[in-house]
Amino acid sequence: MGRTTFILLAVAYYIISIAIVGLVLYFLKKHEKGQIKKEIEKLETEKNLVISASMLSELNKVEALVNNDELKKKYKEWQERFRRIKDKDLPKITDDLNEIDELFLDNNIAEIKTLILKTDYELNALKTKAQFLLDEIKELTMSEAKNREIITKLKAEYREIVSKYKENEADYELVKVPVELQFENVDKLFSAFEKNMDQNAYTEVGKIVKAIDDIINNLKVVIEETKPIVLLGKNLIPAKIEDIKRISSQMAKEGYNLEYLNIDYNITEANKKITDIFQRLNVLNLEDSLFELKTMHDYFDSLYNDFDNEKLSKRIYEDFSRSIIIKTTRLEKVSNELYKKIDDLKYSYDLDDDEVAVISEIKDEIMGIHNSYDKIIEIGRSKILSFSKLAKEMELINNRLVKTEEKLNGALKSLSSLKEDELRAKEQLEEIKKLLAQAREKFRSFKLPVTPKNYYIELKEAMEAIGELSRVLDSRPISIKTLNLRVDTARDLVLKIYNNVNETIKTAKMAEAAIVYGNRYRVTNKDVDFGLIKAENLFNKGNFHGSLENAINAINIIEPGIYKRLLSEYQN
């Protein structure tokens, strides 16, 4: 390819690229204009819908309904708001849309976008304004149907209330006058509703509907709650009050102290509250009345539980009174006997004052418990506390007694364990001696070429520890702490030599077996022969671990994994 041809191709590529970019920009601009045109058409459509036919229709309905000054004033206000929307706000939107059309023809895209956003915002605000106006107008034009529907439901509810009242008129004797007066009021309000509806006095109609609704709702409550209020306030609660008085009086004669329940005061307050409730009932004010009566009823019901609790507490108090004195007397006897033996215990087992102080503490605690018990018994006889409180006090004393008993049992167990420790130490001494003898016999039974250096050192330490343990057991007084220490030391040292002897003999046996096993390969492999010679030398010097390691490494040349097989054969 010549230089001229190359230049021509480059120029052609450049021109084609410019053409493609131009086409892309053209189509993008065309697409953007299409989108803007759609938005303009949308704004035009929404503008034309601001004043709908329904708004004009609703205004015409209002005009036909105007028959009083108030409604006339309202109608003029709505007409003025409608005129502002139609003659002032809409033309402004129209001017903005015309300006947008001109900018569109001039291809002024940047300004069009800004003006479209502004116009859209103003159009939405105007639509909201128009909708508010339409809703207000409809509220009036549709009020007749709406109020008729509400009144129809209220009349049905009212008939049901009157029917229920008539069927059970005797149950409402206390509220007969105010209830029937309210019935008259409702009838009058229904008549007033019809009259104002005929006069298109819709403002007054709304007030009448609200008044009827309030009265009927109150009558519902009166009809539903009067019967249970009368039942509770006139029958159930007074009957419970009399029963409570009877029971509390009988229990007082039997020695129960019920002052903490404030029964007389609460009965007085309950009677005052019942009187107030029935006074309010006369004017059909039932607010919280049923709730208050139920609360009173629940309170007097709860007193039966309090009475039962007092009776149960009396039994608990009497049971504790018997059990505590019996247990306290027994513990006093044991504690006093133990207290007399303090000096003997200190001599026999080398105990200091701090170690036997718990015996004196127990003695003092038992005396304190006895004194507390006597005080509660005296208070119980004087009847100045309720049995529920006396039972709690006795329970606290019993808890103290249980803890002191546990402390005494612990002290007895600890002291008895001193003798047990002594006997156990003697038994362990015999076991330790037997274990050491087994270790020595086993060591002698296997003829080692060299005795390990640490064997005689460990043997000497073990025998000295056994001697120390024997001397502590033969001495008086015996220090249990020292005794237990000597037992642990002797046992640990004997176990150490026992385990070391077993491990040494085991290793020596395995090393010897490995050397014997490897002799078959000496003539066939010089490395095996060299390794076994080294193993024999280490064995004769008493280095059994090194001997075993060298023997296994030598045999492993011929038989990989020989260690596991040797170990298995040895264990079998």
**Residues located in the range 439-462, provided they are part of a helix (DSSP H, G or I) and among the hydrophobic types (A, V, I, L, M, F, W, C)** = ALA439, PHE443, ILE457, LEU459, ALA462
**Request:** Return the only residue of ASN336, ASN371 being modelled with pLDDT under 85, in a helix (DSSP H, G or I) and over 30 Å from ASP474 (Cα atoms).
**Result:** ASN336
**Asked** Does ILE216 satisfy being in contact with a Ser or Thr (Cβ under 7 Å, 6 or more places away or on another chain) and under 22 Å from LEU290 (Cβ atoms)?
**Response** no
**Prompt:** Are any residues in the range 219-245 polar (S, T, N, Q) and closer than 22 Å to TYR158 by Cβ, and if so, which ones?
**Reply:** THR226
**Request:** Take the residues in the range 221-239 that are within 14 Å of TYR172 (Cα to Cα) and free of Cβ contacts under 8 Å to residues at least 60 places away in the same chain, then tell me which one is surrounded by the most Cβ atoms within 10 Å (Cβ to Cβ).
**Result:** VAL230
**Prompt:** With respect to SER289, is the statement that it is surrounded by 11 or more Cβ atoms within 10 Å (Cβ to Cβ), in contact with a helix residue (DSSP H, G or I) (Cβ under 8 Å, 6 or more places away or on another chain), closer than 30 Å to VAL222 by Cα and not assigned by TED's automatic domain parsing to the domain that holds LYS392 true?
**Reply:** yes
**Message:** Given (1) more than 30 Å from ALA192 (Cα to Cα); (2) surrounded by fewer than 17 Cβ atoms within 10 Å (Cβ to Cβ); (3) under 40 Å from the mean Cα position of the chain (by Cα), identify the lone condition not met by GLN279.
**Reply:** (3)
**Message:** So LEU485 passes all but one of these: (1) crowded, with 17+ Cβ neighbours inside 10 Å; (2) among the aliphatic types (A, V, I, L, M); (3) under 26 Å from GLU458 (Cβ atoms). Which condition number does it fail?
**Reply:** (1)
**Asked** If we scan the range 195-213, do we find a residue that is more than 55 Å from the chain's Cα centre (by Cα), surrounded by fewer than 16 Cβ atoms within 10 Å (Cβ to Cβ) and charged (D, E, K, R)?
**Response** yes
**Prompt:** Which condition does GLU259 not pass, out of (1) in contact (Cβ under 8 Å) with a residue 60 or more places away in the chain; (2) in contact with a helix residue (DSSP H, G or I) (Cβ under 9 Å, 6 or more places away or on another chain), if it passes all the others?
**Reply:** (2)
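The values are calculated or read from the model by the stated rules, or taken from the named source; none is laboratory data. The shown structure was predicted, so the numbers you read here are calculated from the model rather than taken from an experiment. Counting neighbours? That spans all protein chains shown, and the Cβs are built from the backbone with ideal geometry, glycine included.
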